[in-house]
Structure formats: C-alpha cells, structure tokens
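Input: a single structure, listed below in structure tokens.
The values are calculated or read from the model by the stated rules, or taken from the named source; none is laboratory data. Predicted model, so just to flag it, every value in this text is computed and none were measured. Cβ placement follows ideal geometry from the backbone for every residue including glycine, while neighbour counts extend to all protein chains displayed. The area values use the complete protein model at the heavy-atom level, side chains included, leaving out ligands, DNA and RNA. Shrake-Rupley method; radii C 1.70, N 1.55, O 1.52, S 1.80 Å.
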2 protein chains.
Amino acid sequence: MPQLRLLHGRAWATLLGQLRQSPRAVYLRAVHSHSQVSEAVLTSQLKPHQEKSNIIIKTPKGTRDLSPQQMVVREKILDTVVSCFKRHGAKGLDTPAFELKEMLTEKYGEDSGLIYDLKDQGGELLSLRYDLTVPFARYLAMNKLKKMKRYHVGKVWRRESPTIVQGRYREFCQCDFDIAGQFDPMIPDAECLKIICEILSGLQLGDFLIKVNDRRVLDGMFAVCGVPESKFYAICSSIDKLDKISWKDVRHEMVAKKGLAPEVADRIGDYVQCHGGVSLVEEMFQDPRISQNKQALEGLGDLKLLFEYLTLFGVAEKISFDLSLARGLDYYTGVIYEAMLLQTPAQAEEEPLNVGSVAAGGRYDGLVGMFDPKGHNVPCVGLSIGVERIFSIMEHRMKTFGEKIRTTETQVFVATPQKNFLQERLKLIAELWDAGIKAELLYKNNPKLLTQLHYCENMGIPLVVIIGEQELKEGVIKLRSVASREEVAIKRENLVAEIQKRLSES
Amino acid sequence: MPQLRLLHGRAWATLLGQLRQSPRAVYLRAVHSHSQVSEAVLTSQLKPHQEKSNIIIKTPKGTRDLSPQQMVVREKILDTVVSCFKRHGAKGLDTPAFELKEMLTEKYGEDSGLIYDLKDQGGELLSLRYDLTVPFARYLAMNKLKKMKRYHVGKVWRRESPTIVQGRYREFCQCDFDIAGQFDPMIPDAECLKIICEILSGLQLGDFLIKVNDRRVLDGMFAVCGVPESKFYAICSSIDKLDKISWKDVRHEMVAKKGLAPEVADRIGDYVQCHGGVSLVEEMFQDPRISQNKQALEGLGDLKLLFEYLTLFGVAEKISFDLSLARGLDYYTGVIYEAMLLQTPAQAEEEPLNVGSVAAGGRYDGLVGMFDPKGHNVPCVGLSIGVERIFSIMEHRMKTFGEKIRTTETQVFVATPQKNFLQERLKLIAELWDAGIKAELLYKNNPKLLTQLHYCENMGIPLVVIIGEQELKEGVIKLRSVASREEVAIKRENLVAEIQKRLSES
C-alpha cells in the first residue's frame, strides 16, 4: 500500500502534536503488522517516533459494532425475550465471560476446536465461554444447587468461519432459559416449548414450527437399523445436516465417508423422512423394529406425555415430531427441539433470507454430574433463543419497509430564538432533568432557531420548550408540539406539570 | 470512558509499586500468585472412564458469578444509570468484547501490561477490551463520525491483582456516557458533571463530592514550579496518590525516587494542597507564577466557565476545584474529575467500607485522532460510573440491614388441593401466561397444598389461584391473597380481568 504510506507522511506532523510524549520505554509497544482486509481501509500511525506501521481500523473478523439503530432493534427483541422468561418465574444469573479452560473441556465434542483460548500470561489457563449452558451447569455444581429456574442473556464466542450474511458471527448474544431439578416428567420440558412459542409469537416473526425428537428415540433407531454404537455420534451429525442438504447427499456421506453399510443407511432413510404429530408417536410405538428397543420406547413414552401437555398449553399444532432432528451436541440426553420460521411463498420471494433455526434446546441430565465430585446429577432442560438470527430478520425487514427508528428517547427540546440565552436554557433544562423529563439542547451559545427545530424533527422529539426575552419578562414559556407546530404559552411554574400531562397522554 | 482509577488505600500503593517495575516483574508476580482459592473447593473428575484428574470447580481468579439476588441489585443500579443517560439524550452503542490488539496499543501507558490477550489460534491477534473509551474512539474514527452522544454498558477486563474485598475485579462492568463533537466550550463538560450528580443522588448513596481539575492547569503548574517536561508524567502519577498517602510521602517519592529538586517539590506542595470553589479559580488567576503560564490560564478560563454552568445546573456546591487531582491516563487533555462518597463519622463507624471513587472522567480531545488516517480529531468528554463499587456498597448495606430481595417477579401461583389435577392447572396457567400474567406452578403431578402455599410465601408471590373439583363443577376459581390469606370465589371467565385489576391496584 505505498500510496497510503505517502498520506502518512503528511499526517505525521499533526499526529506529533496530539500524541503526548512520555518518557515511558518502548518495551510496552507491541508491533504487529497486518494483512489482507476486505473492508474499506483506513490506516493510521500510532508510532510517529519509530518506523511507520499501517493499521487497519476495523473490528475483529466475525464481530461487529451495534450502531444506535441496531441497539434499538436488539433491545426490543431482548425485552420481549426477557419479559417472557420472567413471566415464567425465572431468576437472573450472570457468569464471567471466560472460564477455566478445563471447565469447557469434553463438553462440546467436535466443536471444541471452536473455543477461543486466552493467551497464557501467567496464572490460570482461560477460555471464552462457548455457550451459557456449561457455565450454568458449573454454577449449579459449584454451589451445590439441586434446583433452579434461571435465565441468562449474554455474549458467547465461537471461532467459526463467519458467514455473516446468514446472521452468523464469532461473537453473538444468547438468551437462555433453563429449569434444573428433579421433577415429574415432561412438565418443565413442555414449558420450555411453550416459552419458545410465546416468544416467537410475541416477536411477530410470522408462522413457525418446532421440530421435536428425543435422543433416546434417535439412539434406539440407530440401534435397530444396525448402526454400530461407535458410529452413533458420526451418523447423528450427518443426520443433523438433513435440513441443509438432500437425503441423497446425507446417505452418500454416511456410506462413503463414514463407512455405513448401504442397507443400514436405507433403513435409517425410511425413518428420518417421517414427521408428524402425536399420531406419528403412536405409529412408532407400533413399529416392528423400534418397538423392540427399550430406550426408544422410553423416549416415545415421554414424547406422548409431552404432546398431551402441549395440547393443554394450546401449542400442539406448532410442534412436529421429526425423526430427522438430531442436534449434534454431546450433552443432550432426552427430548431435543429446534424452532424454524416458515415462509409463505410470497415472503420467500420478497425476503429471500435464509435464517434456519431461531431457537433450540433440549434435556441434558448428565452435564451437572460432570462437574460434581461424586457425579451427582441434576436433571436439566432448557432453551436458547437465537437473537442474532431474529435480529437479522428484523433488520432486513426494516430496511425493506424503510422503517425509521428513533435512537434516543428525548421528550423535550429546550430552544431559544434569541442570542445570549444560554444561561436561561441551562437553568430551564436542569429543571426538566431534575423532574425526570428527558431533555436536550444544542451545545452552542447562539444556535439558530431553525437549526434547533430541524434537530427536533430529525430526532423525532415531540415537544419543544421555547424561551426568549419576551417570555422571560412575562414569566411564561412557549410549549410547541413538533408534529402540529402548535404553540401555547404556559406559566413558568406550571411547565413541568404541563409537560408531564402531555407526555402521559401521548 | 476514561479508565477509572478506582483504587485506594494500600491496594493502590501496592499496585502502583508493582507497575513502576518492569512489565516482566509484573509478569513474574502474576505467575507466582495464581493460587489461593477462597471459595469452597470442589474437585471433580471429568473423565470417569479415563485417568482421574482433580479439577477445582471455581470461576477464574478475580471474577465471580452474580447470583439472582446480586442480579436484582445490579439491575436496579443499571436502571438508574441508564435512565439518566437516556434522560440526557444518549444513544446506545455496543462494541465487541475483543478488539484487534493494535487498537489498544499505546492508549493506556503503563497499564498496557494489564490487557488480556487472546491466544494466537491463527488469524488476527486479539485483546479483550480494557475500557469502553478506546473502542468508542475507534468506532468514531472507523465510521468517520464527527459527533455523537452515546452510552455504553458493558464488561471490561484487566489483569490486576484482585483485592475483591474492596470491590475490585478482573472482570467488571462499566457504564460510560460520552459526548463527541466540536461544541462551544464547557457546555458538554458541565452536563457530564450534572449527570454524575443526578446518578449519585438517584442511587441514594449519601453525600458525595466531585473533585475537578484540568490537565492544562496541572501541566502549567508543573512548568512554573520548575518540573522538567520529561518528568511531567512521573510527577503526575505521584500527585495522583495524594488521597491515599500523605504529602510527606508523596514528596519523598518525587524527590528520592523521581529525582525532583526539593525546592521544586515544595513549590508543588503549596499548590496541591489547595482546594475550593470558584474563588480558588479566581485566586489562581492572580497567582504570580501560574498567571505566567498560557496553558494554565486556558485551563483556568475553562474552569471558571464550568463553574458558571454548574451553578446554573444547581450542582456547584458538589464540586471542588482540587489541584491535587491528577488522573493518570495519557489521553486526557482538559478538564478531569473524580467523584467520591463522603461518609458521616457515624457511617464510617457503622460501615467501614472503603470505596474511594465511584465515578470519574474527563476531556480527551486527541484520542480519536490517533485512529484517524489524517489525524483529524474529534473532541470528546465523558464519564464512567463505577458500578462495581456502588454494587459493593449496596450489597454491604443490604446485608447490614438484612433486606430481603425478591429474585422473581411472579404475580400468581396456580395451586390445587386435589390429586390428579395437573391437566386443569396446566390449562389455567397457559391462560394466565397468554394474558401476560407472570405465573408459576410446581412441576409435580400431585403436590401438597401446604407445599404450594409455602412456596408462595417464600418467594413473595402475592396471589394464588386455587382450582379443585368443586370449583371446576361450579365454574369458579378461588383467588387467595397470600398476605391476608383471604379467599374469594371468582367466575372462571372473569379470572384474568380480576387478577389484572388487583395487580394494577397494588
């Protein structure tokens, strides 16, 4: 980038003035040259006294800033999610962003390679958390808690190849709800599915479907089809791809890459193409092969009960028993589920946004025991809302429909048409702030009235308080509605009350 | 926002002592001091089928989980802080937890050794953010923004020797508010101080004081006292200790360790013991030495204007011009401030909690320019609220006064005195959830009524809905107030309306 270096030369003198010269030694400076970046490239020099180095101003790969507009959308989503969690009696919990590296070991199977480790700077070996489930299990074991219903909203980090277009990032936010404890079967599990329904309905994302399966049914199916036990996990992760690639390709992978006998693959094929409601559960009970497997029967029994409860909750029609659902994670032991949005053909044309699953979860009865010195288990079931996916959809829609978002909540703007009125504006705005009213002014001694009114229109501020010499003399203030442009004079001492009245009415 | 120097007492002196040594010394210390786990130590075998390995179940050194009780306290604090930021028209912003390592280089002076680096796993070199100020400046430069008023609540990470008893952690939450842009002097600066006052008053932490100084006054004072320019930073950091150690000790450090001439130290001593209101600013204008320094005069002029605005805002009596305030960070260029709680003698005896500064900030007009390829500056001023400190105080008070905190928001509990009533309970609770009512039940087929009522009392749930065979026949529901134990029968179809009425009344 030779041309950019030329620019640096010119900027050099300016930078010299800005950088505070200090006697501190050079050893604190870590020099790192950088390579290929596709973003608009800005360069900067931080070391005017040494060799020049080009630094690209960007966020790390797979991460992003959330702008004020984006923050508003995200907060709206999180509000809906968290208020649903609270409606179901969950307590809040927070855990550190990083855990001792050992805490995350052997919890994620093949995905362990995606964990971010911290540099060994002396002391403990640390890793950024990969999800909120393992820290929750660690918390339960550490505090010897036998039951807890908690929610947790927080960032997690995964070193995946980012395909940002699908809302997939290396840093992303998860919203988890989990119920830990020994209870009567399927009541907490049904509540988790009810919660997913409430949230997806509440966010008005359109129609959706939750696929449900059970790890025991899956394992039983593999067993009766003749999959060797050592291949369960590998075959499971092939099956998991069925919503992305065709059965033909999955079959090829199982036979050619994973060494499964073709007739075994075909037997599996018969099952994984089945999906339906509680009638399919009944059908599987009668299936000559499946009905021979104890594990599978246990799973089917629980699924039957689950459907009964889901019917009472009024959400059974959103749920599909799907033998192809095979969530990859090691820690699931019972029911598993994954929610996806359904697009109408019209929508699919209008918004060809591939979003995949927007919520998922399942039962993991063995995870807490992995942390407990005596292996004591605490059965758990939970769900995770894929807020980033939902965020991508909402953002896309807003762009499509050109929705304008307010990024501030300012209710009142303090303006003046006169010069040298800063003092009065400051006194007035302090009065508003002290009354809890959200208020702004321009940080200028003598702003133009038009500039001030334009600001209100641009920012969507509904009310303007105008003070001038005439008003000051008469002990009044002009209150202007930005939308209607109506102005009324109000006694200074009644101003706060009048504003509060107007705001409570709107 | 500007890094919070929230240390005090002996911990401060120790840390500064460490920092003054080479980074290698700090590194070695970290290596040798990683043990000592104060938590109850649990050990676990994660590989039951392999060799046993004893693993201690804990959070990393200097970090902690926040329990549901603690989350309630923290959320209360954050609500107060964020609603104040919004009252002042700030927009939200979020940035990734880690930045490219180069972004953080040369921004923190001696504190750079405290930055957490991520392991090089291929790809970019990354570091966890150390504060929210540098990411904000990076965001402004990257997006070429010339003005922005934003707040940011987020975690930051610093590899400090944790003294947890004083509310100091390696992972902690910062709440920052900053105003970027070229405006008329001291209006945004005054608003920052007003915000600190509003927040500290709103949190009802007792009386407080905000010390104010200006980097230019400090530099000018050093110059007229005869401190060589090369020693400004070192002397600044000695001065910074004046609220923790005596002037005698500071003087000794400056003379013996930093090689300052004794008469120069004494001249400084005359100044740094001065503090007062706007009259002290006037006095300094007349000071025969200070008045010779152009930089100092600029700073004093701004401080005079600042006091004028603070008087209009009604907070001048909370502010003290203090020539000993010398916040260490490189990036400050103008006014600087630090808020501390004042304890009455009675309080100091009752709650001997050393909390030091709870908010701080200042003007940093050169930081954005460090990222800009052409060195274009965006003047900034901001503040950071030390939520962890405030959290420690609040938690301590709650323990002292034995306050009980509700960790859930559940409004209604669905109970039954009868066996085999799970189906009716599930139908009923779904009705409540769908009406937006926060409701819970026990996850048992046949819980005892007493167990159910006890749960409500323990959890502070105000209302119980009781359904039994009799009620079912009559088409009614019993609604019970937990506090008064009164029960009334309500028609099933009126239940939701009646509950909503009662909740809106309470």
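Screening region A:490-503 for residues that are aliphatic (A, V, I, L, M) and without any contact (Cβ under 8 Å) to a residue 60 or more places away in the chain and picking the one that is most open to solvent (accessible area, probe 1.4 Å) gives A:A497.
In region B:106-128, of all residues being surrounded by fewer than 22 Cβ atoms within 10 Å (Cβ to Cβ) and polar (S, T, N, Q), the one that is farthest from B:F172 (Cα to Cα) corresponds to B:Q121. Inclusion of B:Y151 among residues that are hydroxyl-bearing (S, T, Y), more than 8 Å from every other protein chain (Cβ to nearest Cβ) and more than 16 Å from B:G366 (Cβ to Cβ) is warranted.
Return a yes/no flag: does region A:466-474 have any residue that is modelled with pLDDT of 95 or more, in contact with a Phe, Trp or Tyr (Cβ under 8 Å, 6 or more places away or on another chain) and within 14 Å of chain B (Cβ to nearest Cβ). Within region A:466-474 (the criterion being modelled with pLDDT of 95 or more, in contact with a Phe, Trp or Tyr (Cβ under 8 Å, 6 or more places away or on another chain) and within 14 Å of chain B (Cβ to nearest Cβ)), the answer is yes, since at least one residue qualifies. When region A:275-301 is filtered for residues that are among the β-branched types (V, I, T) and within 13 Å of A:D214 (Cβ to Cβ), the ones remaining, listed by number, are A:V281, A:I290. Residues that are within 14 Å of another protein chain (Cβ to nearest Cβ) and open to solvent by less than 10 Å² (accessible area, probe 1.4 Å) within region B:271-306 comprise just one, B:L306. Exactly one residue out of A:G468, A:G460 is closer than 24 Å to A:E403 by Cα and open to solvent by less than 80 Å² (accessible area, probe 1.4 Å), and it is A:G460.
Scanning region B:82-101 for residues being out of contact with any helix residue (DSSP H, G or I) (no Cβ under 9 Å at 6 or more places or on another chain) and β-branched (V, I, T) gives a total of 1. Residues considered: A:V250, A:V212, A:V227. Of these, the only one that is away from chain B (no Cβ under 14 Å) and assigned to a helix (DSSP H, G or I) is A:V250.
Out of the residues in region B:433-452 meeting the condition of being more than 9 Å from every other protein chain (Cβ to nearest Cβ) and in contact with a strand residue (DSSP E or B) (Cβ under 7 Å, 6 or more places away or on another chain), tell me which one is surrounded by the most Cβ atoms within 10 Å (Cβ to Cβ). The qualifying residue surrounded by the most Cβ atoms within 10 Å (Cβ to Cβ) is B:Q452.
Does B:E409 count as open to solvent by 60 Å² or more (accessible area, probe 1.4 Å) and closer than 19 Å to A:C84 by Cα? The answer is yes for B:E409.
Taking the options B:F391, B:F421, name whichever one is in the same structural domain as B:R480 (by the TED database) and in contact (Cβ under 8 Å) with a residue 24 or more places away in the chain. Steps first, please.
Working: B:F391 fails: in the same structural domain as B:R480 (by the TED database).
The unique qualifying residue is B:F421.
Scanning region A:200-209 for residues that are touching a Leu at 6+ places or on another chain (Cβ under 8 Å) and not in a helix (DSSP H, G or I), we see that the one that is farthest from A:S320 (Cα to Cα) is A:L205. When A:F98 is tested against the conditions (1) open to solvent by 10 Å² or more (accessible area, probe 1.4 Å); (2) at the interface with chain B (Cβ under 7 Å from one of its Cβ atoms); (3) not hydroxyl-bearing (S, T, Y), the lone failure is (1). Count of region B:412-432 residues, restricted to those that are outside any loop (DSSP other than H, G, I, E, B) and surrounded by 20 or more Cβ atoms within 10 Å (Cβ to Cβ), is 11.
Screening region A:71-173 for strands (runs of 3 or more DSSP E) wholly inside it with 1 or more residues that are in contact (Cβ under 8 Å) with a residue 24 or more places away in the chain and in contact with a Cys (Cβ under 7 Å, 6 or more places away or on another chain) returns the ranges A:148-157.
Listed residues B:D131, B:D176, B:D189; which is assigned by the TED database to the domain that holds B:H396, touching a His at 6+ places or on another chain (Cβ under 6 Å) and open to solvent by less than 10 Å² (accessible area, probe 1.4 Å)?
Of B:D131, B:D176, B:D189, the one residue that is assigned by the TED database to the domain that holds B:H396, touching a His at 6+ places or on another chain (Cβ under 6 Å) and open to solvent by less than 10 Å² (accessible area, probe 1.4 Å) is B:D176.
Report whether or not B:E198 is out of contact with any Gly (no Cβ under 7 Å at 6 or more places or on another chain) and either surrounded by fewer than 20 Cβ atoms within 10 Å (Cβ to Cβ) or among the polar types (S, T, N, Q) (or both). Here the answer is no, as B:E198 does not meet what is asked. Of all residues in region B:364-394, exactly one satisfies the criterion of being open to solvent by 10 Å² or more (accessible area, probe 1.4 Å), modelled with pLDDT of 90 or more and outside any loop (DSSP other than H, G, I, E, B), namely B:M370.
Yes or no, residue by residue, for (1) assigned by the TED database to the domain that holds B:N293; (2) closer than 13 Å to B:I268 by Cβ; (3) over 29 Å from the mean Cα position of the chain (by Cα):
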site: B:G220; (1), (2), (3): yes, yes, yes
site: B:V224; (1), (2), (3): yes, yes, yes
site: B:K231; (1), (2), (3): yes, yes, yes
site: B:I235; (1), (2), (3): yes, yes, no
site: B:D243; (1), (2), (3): yes, no, no
site: B:S246; (1), (2), (3): yes, no, no
site: B:E253; (1), (2), (3): yes, yes, yes
site: B:K257; (1), (2), (3): yes, no, yes
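The single condition among (1) open to solvent by 40 Å² or more (accessible area, probe 1.4 Å); (2) farther than 21 Å from A:D184 by Cβ; (3) away from chain A (no Cβ under 14 Å) that B:R480 does not meet is (1). Residue count for region B:333-345, restricted to those that are of a type in the set (F, W, Y) and at pLDDT below 90: 0. Taken over region B:101-124, the criterion of being in contact with a strand residue (DSSP E or B) (Cβ under 7 Å, 6 or more places away or on another chain) and within 7 Å of chain A (Cβ to nearest Cβ) is satisfied by B:K101, B:E102, B:Y116, B:D117, B:L118, B:K119, B:Q121, B:E124.
Kindly establish whether A:E487 is without any contact (Cβ under 8 Å) to a residue 24 or more places away in the chain and touching a Lys or Arg at 6+ places or on another chain (Cβ under 6 Å). For A:E487, the condition - without any contact (Cβ under 8 Å) to a residue 24 or more places away in the chain and touching a Lys or Arg at 6+ places or on another chain (Cβ under 6 Å) - is met.
B:L66 meets each of the listed conditions (1) at the interface with chain A (Cβ under 9 Å from one of its Cβ atoms); (2) open to solvent by 20 Å² or more (accessible area, probe 1.4 Å); (3) within 30 Å of A:Y130 (Cβ to Cβ) apart from (2).
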